[in-house]
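Visitor: Starting off with a structure, shown below.
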Amino acid sequence: EHEKASSAAKEILRLLLAMKEEQQVSLAELEARTGITRGNLSRLWNKADPNVTLETVDRIAAALQCRLKIELEHLTNP
């Protein structure tokens with residue numbers, strides 16, 4: 001189950017990075033907008049197993065003028 005959470009976190013971070021790049025926001029600017037250091041932001045995107053909280057994801061999303069929307073899907077038993 002931890003692996004699934006990790007893949008979900010990676011997907012969210014991938015989407016945030018794509019939005020950051022689309023908006024041409026630098027790490028320095030994102031640091032100013034979120035209060036999260038450039039080093040910590042860089043680690044989120046470059047670490048193999050990012051340990052990111054929803055609060056951090058929400059702060060980054062808000063800084064990129066996005067809203068985080070979370071959905072749960074019921075999985076059928078195999």
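Visitor: Considering only protein heavy atoms and a 1.4 Å probe, what is the carbon-and-sulfur percentage of the accessible area of the chain?
Guide: Carbon and sulfur together cover 50 percent of it.
Visitor: In whole Hz, with x marking every Gly and Pro, tabulate ³J(HN,Hα) for the range 44-51 from phi via Karplus 6.51 cos²θ - 1.76 cosθ + 1.60, θ = phi - 60°.
Guide: Karplus-based 3J(HN,Hα) across the range 44-51 equals 4, 8, 10, 6, 4, 10, x, 9 Hz.
Visitor: What list of ³J(HN,Hα) values in whole Hz, one per residue of the range 26-39 in order, does the Karplus curve 6.51 cos²θ - 1.76 cosθ + 1.60 (θ = phi - 60°) give from phi, with Gly and Pro shown as x?
Guide: 7, 4, 4, 5, 5, 4, 4, 6, 9, x, 9, 4, 4, x
Visitor: Let me ask something else. Short version: ³J(HN,Hα) in whole Hz for each residue of the range 18-25, in order, from phi by Karplus 6.51 cos²θ - 1.76 cosθ + 1.60 (θ = phi - 60°), x for Gly and Pro, what are they?
Guide: After applying 6.51 cos²θ - 1.76 cosθ + 1.60, I find 4, 5, 4, 5, 4, 7, 6, 9 Hz.
Visitor: Continuing with the same structure: With an 8 Å cut-off on Cα pairs and a minimum separation of 6 or more residues, tell me the relative contact order of the chain in percent.
Guide: Value for the chain: 32 percent.
Visitor: Further question: Relative to the compact-globule scaling 2.2 N^0.38 Å, provide the ratio for the alpha-carbon radius of gyration of the chain.
Guide: Dividing the Cα radius of gyration by 2.2 N^0.38 Å gives 1.17.
The values are calculated or read from the model by the stated rules, or taken from the named source; none is laboratory data. Owing to the predicted nature of the structure, the values given are computational and were not obtained by experimental measurement. Ligands, DNA and RNA are excluded from the accessible area calculation, which covers all protein heavy atoms including side chains. Shrake-Rupley method; radii C 1.70, N 1.55, O 1.52, S 1.80 Å.
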